[in-house]
Amino acid sequence: MKQELVRMTSMDNLEMVGMLYEPEERSKKIIIHVHGLCGNFYENRFIDTLAKTYTSKGYSFLTFNNRGTNYVSELLKGDDCEIIGGCYERFKDCLLDIEGVIKYVKEKGYNEIILEGHSYGCNKVAYYYSQKKDTTIKKIILLAPCDIIQECVKYLSKEEYEKAKKESTRLVNEGKEKELIDFSVNGNGVISAGTYYHDFLPDGEDDFIRYRDGKTGESKVLNDIDIPVIIIFGDVDECVLTQDIETVKSYLKNNIKDCTIEIIEGADHSYTNKYEDLGKMVEKNI
């Protein structure tokens, strides 16, 4: 396996840094990994296992920092920089990030792509495919897909949820979207008013995985996916399981035409100490 630190740009010229893992023999197949909320390309330990698994199967593997990396980040934009990160990103801009990475891998000669997301990254890759329908994307892998809005309801107290809703609405109406409000779901305890208002209240662009709607709930975005989707999560995943596991499974199967669901016993949201189990699951299904 070969490794290379790479620099790519989003469609609006933000520089995104990542790691490209390649098999020993040249491949035209690649898996692009999109990290979760306030994440990065290297922190999740399961990345190491995935890199080994995919390259052993003849795939290259690219994991990268998007504009939502970490809580607050300074990203290069040309010769200047922009302060962004998970506290300030807008979900809809994931289209600019993913398109930029896909452009980069196509220029390197890759013509068969699997898009993979973890946590909030699942929402991003599903949304990207539903909007773009790029025919070079052959499969989607969703690692621990969440009902983002219900997750907030689960982890915020009722008082905190209502306060964040009220404060974000007021600040957005006053044109102060960059001001930070309390948000204990983030490790640093804050989020910008604009990000919360647009993307963490019901019916935003990212609100299409809705386990809270029950087994027969319908999702237009998920229904738009016409390629195979592999979904893997644990039976003790504290973020995915905002509803019981059978409701989650039924909701996904009812909304995704070609859907394979794998459950890892004892795995949490980060697959802690279950990395080899995750590797075996993806190897079996790609």
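The values are calculated or read from the model by the stated rules, or taken from the named source; none is laboratory data. Since the structure is predicted, the reported quantities are computational estimates derived from the model, not experimental observations. Surface accessibility is based on the protein's heavy atoms, side chains included, excluding ligands, DNA and RNA. Shrake-Rupley method; radii C 1.70, N 1.55, O 1.52, S 1.80 Å.
In the assembled protein chains, K133 presents an accessible area of approximately 80 Å² (probe radius 1.4 Å). Between the C-alpha center of region 185-200 and that of region 97-133 there is a gap of 24 Å.
Using a probe radius of 1.4 angstrom, the carbon and sulfur fraction of the accessible surface of the chain is 44%.
Computed over all pairs of different Cα atoms, the Kirkwood value for the hydrodynamic radius of region 102-200 is 15.6 Å.
How many Å² of accessible area per residue for the chain, probe 1.4 Å?
Details: 12280 Å² over 286 residues.
I get 43 Å² per residue for the chain.
Secondary structure note: in the chain, about 45% of the DSSP beta bridges are antiparallel. Taking a straight line from the alpha carbon of K274, these aspartates and glutamates sit under 19 Å away, with near neighbours fewer than eight places off in the same chain left out: E43, D48, E116, D235, D237, E238, E262, E265, E283. Dividing the summed -39500 (n - 2.57) terms of all DSSP H runs of n ≥ 4 by the residue count of the chain sets its mean residue ellipticity at 222 nm at -10000 deg cm²/dmol. With every protein chain in place and a 1.4 angstrom probe, the accessible-area ranking of V240, V72, V17, largest first, reads V72, V17, V240. Return a whole-number percent for the relative contact order of region 15-127, with Cα pairs under 8 Å and 6 or more residues apart as the contact set. Dividing the mean separation by the residue count of region 15-127 yields 36 percent. Give me the tail of P(r) for the chain as a percent: Cα-Cα pairs with distance above 24 Å. Pairs farther apart than 24 Å: 49 percent. Considering only alpha-carbon pairs that sit under 8 angstrom and 6 or more positions apart, the relative contact order computed for the chain is 17 percent.
In square nanometres, what is one fourth of the surface area of the convex hull spanned by the alpha carbons of region 36-115? Provide the component values of the computation, followed by the final result.
Details: hull surface 24.2 nm².
Average projection, Cα convex hull of region 36-115: 6.0 nm².
Using a Cα-Cα cut-off of under 17 Å, which aspartates and glutamates could be cross-linked to K158, ignoring same-chain neighbours fewer than 8 residues away? Partners found: E167, D182.
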